[in-house]
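Worksheet: one structure, shown below.
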């Protein structure tokens, strides 16, 4: 985090970078900013409503839940997530809205949804990395093809494991000291292929919603950039971000550092890239976490003892 902070400080205090950014925003009208950022905020709501619907779908086998209760659970989880490494607190925040006897089951149900989201991120991220290698680092056809085959193999493995998640349950059941807990993680094996596919559609829809948010802000600041390379760089950003341990409150440094490195291949507007990444971090994580604090407080007033 300290290294990322030094990196960002250096970028922002570079006179050339500042001058470029000032020239860039001088051409943007107030109406453009208002319309674009309003749409980005709207997409933030769409993103988390989709996640809420996915959570409601995942918990169908555990407890009846209204769409509003699912929304409350997701936003409550976001508040807990920003204070915990790798967003582990999000699990605790969500399952508090389930009956007491189903809360541990809910952790494993949520793990299925998180795995589905991770599969989408890895599949599209690795695809973007293949494009990146071919486009910006021609290291020879043989080596590039070899790396592509490895990436495609990893993609196939992720998809195979996801649609056969029952294998993980079998593995857990084969470990002697875990057998007595099978009633908790057996929930993962209940999801059939059709249900897993439905869950993945939710994950894919969310992925393209927040990818489009990035594109809208980047296009606002740098309209000359073509959509395809921008989206490829965004996919790579998500991929690397998902692989690194992080804390949401400090995640902004890692995001800016990663984005600055990769977007440098398609633009020299370093501060504009950092501004885009920072605004999405604020809109997609911090604002929802603040809103979710209302639902955290609400937990004091009811107790699901059934």
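Quick rundown of the values:
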read-out: Helices (runs of 4 or more DSSP H) enclosed by the stretch 65-142 - at least 2 residues per element that are more than 25 Å from residue 252 (Cα to Cα) and in contact (Cβ under 8 Å) with a residue 60 or more places away in the chain; value: 103-136
read-out: Among the residues listed as 118, 122, 86, 47, the single one being under 18 Å from residue 199 (Cβ atoms), surrounded by fewer than 19 Cβ atoms within 10 Å (Cβ to Cβ) and under 14 Å from the mean Cα position of the chain (by Cα); value: 118
read-out: Flag if residue 61 is surrounded by fewer than 17 Cβ atoms within 10 Å (Cβ to Cβ), touching a residue at least 60 places away in the same chain (Cβ under 8 Å) and within 21 Å of residue 201 (Cα to Cα); value: yes
read-out: Breaking point among (1) crowded, with 18+ Cβ neighbours inside 10 Å; (2) free of Cβ contacts under 8 Å to residues at least 24 places away in the same chain; (3) under 16 Å from the mean Cα position of the chain (by Cα), for residue 54; value: (2)
read-out: Criterion violated by residue 178 - all others in (1) in contact with a helix residue (DSSP H, G or I) (Cβ under 8 Å, 6 or more places away or on another chain); (2) modelled with pLDDT of 75 or more satisfied; value: (2)
read-out: Test: residue in the stretch 149-161 that is in contact with a helix residue (DSSP H, G or I) (Cβ under 6 Å, 6 or more places away or on another chain), surrounded by 11 or more Cβ atoms within 10 Å (Cβ to Cβ) and modelled with pLDDT under 85; value: no
read-out: Qualifying residue in the stretch 241-248 (condition: in a helix (DSSP H, G or I) and farther than 25 Å from residue 79 by Cα); value: no
read-out: Residue identified as surrounded by 17 or more Cβ atoms within 10 Å (Cβ to Cβ), closer than 21 Å to residue 122 by Cβ, modelled with pLDDT under 90 and out of contact with any strand residue (DSSP E or B) (no Cβ under 8 Å at 6 or more places or on another chain) among 289, 259, 272; value: 259
read-out: Residue in the stretch 228-239 that is within 16 Å of residue 114 (Cα to Cα), in contact with a helix residue (DSSP H, G or I) (Cβ under 6 Å, 6 or more places away or on another chain) and buried (at least 17 other Cβ atoms within 10 Å of the Cβ) present; value: yes
read-out: Residue 225 vs. criteria modelled with pLDDT under 95, more than 16 Å from residue 113 (Cβ to Cβ) and not in a helix (DSSP H, G or I); value: yes
read-out: Subset of the stretch 191-203 that is buried (at least 17 other Cβ atoms within 10 Å of the Cβ) and part of a helix (DSSP H, G or I) - its residue that is nearest to the chain's Cα centre (by Cα); value: 203
read-out: Count of the stretch 133-146 residues which are touching a helix residue (DSSP H, G or I) at 6+ places or on another chain (Cβ under 6 Å) and either over 18 Å from residue 233 (Cα atoms) or at pLDDT 90 or above (or both); value: 1
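The values are calculated or read from the model by the stated rules, or taken from the named source; none is laboratory data. Everything numeric here is computed off the predicted structure, so don't read it as measured data. Here the Cβ is made from the backbone with ideal geometry for all residues, glycine too, and neighbour counts use every protein chain on show.
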